[in-house]
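> Let me give you the structure first, and then I'll get to my questions.
The values are calculated or read from the model by the stated rules, or taken from the named source; none is laboratory data. Everything numeric here is computed off the predicted structure, so don't read it as measured data. Note that we place each Cβ from the backbone using ideal geometry, even for glycine, and neighbour counts take in every protein chain shown. For accessibility, only protein heavy atoms count, side chains too; no ligands or nucleic acids. Shrake-Rupley method; radii C 1.70, N 1.55, O 1.52, S 1.80 Å.
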Amino acid sequence: MTVDEKRKLELKTMYQIIGIYCRDKHHTPKGELCEECQDVWHYAEHRIDVCPHMESKTFCSVCKTHCYGPTYREKIREVIKHMYLEWKDKKRG
């Protein structure tokens, strides 16, 4: 997979994750984001676009460079935690 393909996949995945979170937490229609989640998406999109470690990175959480500011880092953690808990519930159910 090329770096460009990896970046596109990460962007697509992040948008989907934020979308599911937004639907579940803010009750937005599928395919739409509320203003708060749109803000988080734009921030994440920019950070992914300029990631200097895309070629070799695995997960942002284990990266040596903390490119997300503290506020957005916490918001992304909340989104990821929601996805993990949803996945865990589906796996059990």
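> When residues of region 74-93 are filtered for being open to solvent by 100 Å² or more (accessible area, probe 1.4 Å) and in contact (Cβ under 8 Å) with a residue 40 or more places away in the chain, how many remain?
The number of residues fulfilling the criteria is 0.
> Would you point out the residue of region 1-45, among those that are hydroxyl-bearing (S, T, Y) and without any contact (Cβ under 8 Å) to a residue 12 or more places away in the chain, that is farthest from R77 (Cα to Cα)? So that I can check it myself, show each step before the final result.
The initial filter retains those residues of region 1-45 that are hydroxyl-bearing (S, T, Y), namely 2, 13, 15, 21, 28, 43.
Add one more test, that the residue is without any contact (Cβ under 8 Å) to a residue 12 or more places away in the chain, and what stays is 2, 13, 28.
Working: T2: 27, T13: 15, T28: 20 Å.
Filtering region 1-45 for residues that are hydroxyl-bearing (S, T, Y) and without any contact (Cβ under 8 Å) to a residue 12 or more places away in the chain, the one farthest from R77 (Cα to Cα) comes out as T2.
> In region 46-68, how many residues are farther than 19 Å from K12 by Cβ and in contact (Cβ under 8 Å) with a residue 24 or more places away in the chain?
Residues that pass the stated criteria total 0.
> Going through region 37-73 one residue at a time, which ones are open to solvent by 90 Å² or more (accessible area, probe 1.4 Å) and either in a loop (DSSP other than H, G, I, E, B) or in contact with a Cys (Cβ under 8 Å, 6 or more places away or on another chain) (or both)?
P52, E55, S56, T58, F59, K64, H66
> Sticking with this one: How many residues does region 11-36 contain that are out of contact with any His (no Cβ under 9 Å at 6 or more places or on another chain) and either part of a helix (DSSP H, G or I) or open to solvent by 80 Å² or more (accessible area, probe 1.4 Å) (or both)? Give the steps one after another, and end with the answer.
Pass one, region 11-36, residues out of contact with any His (no Cβ under 9 Å at 6 or more places or on another chain): 11-16, 18-19, 22-23, 26-32, 35.
Right, trim to either part of a helix (DSSP H, G or I) or open to solvent by 80 Å² or more (accessible area, probe 1.4 Å) (or both) and you get 11-16, 18-19, 22-23, 26-27, 30, 32, 35.
Of the residues in that region, 15 qualify.
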